[in-house]
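Asks: Sharing a structure with you now.
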Amino acid sequence: MSERKVLNKYFPPDFDPELISRRKGPKSSQQVVRLMAPFSMRCNKCGEYIYKGKKFNARKETVEGEEYLGIKIFRFYIKCTLCSAEITFKTDPKNTDYTAEHGASRNFEPWRDEQDEKEEDRLAKLEEEENNPMKALENKTVDSKREMDILDALQDIRARNARNERVGNSADILDRLDRLHDVETEEEKEKKRLEEEDEKIIQEVFSKVATADGESVTVKRKADDKEPPATALLSESARALIASQSSLLQPPAKKRRADGKNSLGIKIVKKPKPQADVTKSKA
C-alpha cells in the first residue's frame with residue numbers, strides 16, 4: 001500500500017529514456033472526461049429532461065476547422081439518461097457559454113433573452129455613432145449627465161446616513177445622561193433619608209432638660225428609651241443634700257445579741273468543726 005504513494009521511484013543506472021517508444025495517434029482522438037451538463041436541456045428523441053449540473057462520462061474532441069481568436073473549440077458527446085441517445089454540444093468562447101449541437105434542445109431561459117436584447121441595443125448604438133458624429137456627442141452628453149445624477153444621489157444618500165448616525169449617537173448619549181441623572185437622584189434621596197434617620201436617632205438619644213436651678217443639662221438616653229434616674233437631672237449640691245438626708249432617715253442597724261439567742265429566745269449552738277489528723281498530714 002505504501003509503494004503507490006511514493007513521490008520518487010527507482011531508475012536503474014542503465015536506464016535510457018530515449019529508448020522508450022512514443023505512442024502516436026490521430027490528432028482527432030477522443031478523450032473520456034467527467035463533466036456536468038452546462039445547461040438544462042431536453043432530449044429530442046424521448047423528451048427526457050436533463051437538468052443543469054447532472055454528471056456524465058463524456059467523450060471530448062477538438063473541432064476541426066473551427067476556432068475563435070486562436071482559441072480551440074471542443075465538442076462533447078453524452079448519452080441520454082433514459083433512451084441512451086447521443087447528445088452533443090460545443091463550447092462557445094465568444095459568448096463564454098456552450099451551444100447545443102445535436103440530439104437535444106436547450107430549454108428557454110428568460111435572462112438569456114434580456115442579455116441578447118441588451119447586446120443588440122449596444123451594437124446598434126455603436127453602429128449609429130460610427131455613421132453620425134453628432135449622435136455620438138449626444139450620447140456622450142446623456143451618459144455624462146446620467147453619471148452626474150448618480151453621483152449626486154449617492155452623495156445625498158451618504159449625507160443622510162451620516163446625519164442619521166449622528167442623530168442616533170446623540171439620542172444614545174441623551175438617554176445615557178437621563179439614566180445617570182435618575183440614578184444620581186435616587187442616590188441623593190436615599191442619602192437624605194439616611195441622614196434624617198440619623199438625626200432623629202441623635203435627638204432621641206441626646207436631649208436637653210431644664211433643671212431646678214434653671215440650667216439646661218444634656219441627658220443621654222439609652223437605646224431602649226428608658227428614662228434616666230431623677231437624680232441625674234439635679235445639680236451636685238442638690239444630690240449631696242439628698243444623700244445626707246437619706247442617711248439620716250435610714251433606721252439604725254440591729255445589734256446582734258451577745259448571748260447567742262435569736263429573736264424568739266432560743267439559744268443557737270454552733271457545732272465545732274472537725275480537726276484533721278495531724279499524723280496523717282505529717283505523713
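The values are calculated or read from the model by the stated rules, or taken from the named source; none is laboratory data. Quantities reported herein were computed from a predicted structural model and do not represent experimental measurements. Every residue, glycine among them, receives a Cβ derived from its backbone with ideal geometry; neighbour counts consider all protein chains shown. Side chains included, ligands, DNA and RNA excluded: accessible areas come from the protein's heavy atoms. Shrake-Rupley method; radii C 1.70, N 1.55, O 1.52, S 1.80 Å.
Asks: How many angstrom lie between the Cα centre of the stretch 140-162 and the Cα centre of the stretch 32-54?
Replies: Taking the Cα centre of each part, the stretch 140-162 and the stretch 32-54 sit 46 Å apart.
Asks: Pull up the cross-link candidates among the aspartates and glutamates for residue 140, meaning alpha carbon to alpha carbon under 12 Å and not fewer than 8 places away within one chain.
Replies: Straight-distance partners of residue 140: 129.
Asks: For residue 9 and residue 109, FRET efficiency with R0 = 51 Å and r from the beta-carbon atoms, rounded to 0.05?
Replies: Calculated transfer efficiency: 0.50.
Asks: At 1.4 Å probe size, put 141, 91 in order of accessible surface, largest to smallest.
Replies: Result of the area sort, largest leading: 141, 91.
Asks: Going down the list 90/125; 52/94; 94/118; 54/118; 54/90, which pairs span over 25 Å between their C-alpha atoms?
Replies: 90/125; 54/118
Asks: Provide the gained length on full extension for the span residue 88 to residue 123, in nm with one decimal, where the gain is 0.36 nm per separating residue minus the Cα-Cα distance.
Replies: Going from the current span to full extension adds 9.5 nm.
Asks: A further question follows. With a ≥ b ≥ c taken as the square roots of the eigenvalues of the C-alpha gyration tensor of the stretch 38-134, please select rounded if a/c is under 1.5 and otherwise prolate if a/b is larger than b/c or oblate if it is not?
Replies: oblate
Asks: Working with all protein chains in place, sort 157, 20 by solvent-accessible area computed with a 1.4 Å probe, largest first.
Replies: In descending accessible area the options line up as 20, 157.
Asks: Still on this model: So how exposed is residue 194, as accessible area in Å² (1.4 Å probe, rounded to 10)?
Replies: Approximately 80 Å² of residue 194 is accessible to the 1.4 Å probe.
Asks: So how much accessible area does residue 105 have, in Å² to the nearest 10, using a 1.4 Å probe?
Replies: It works out to around 50 Å².
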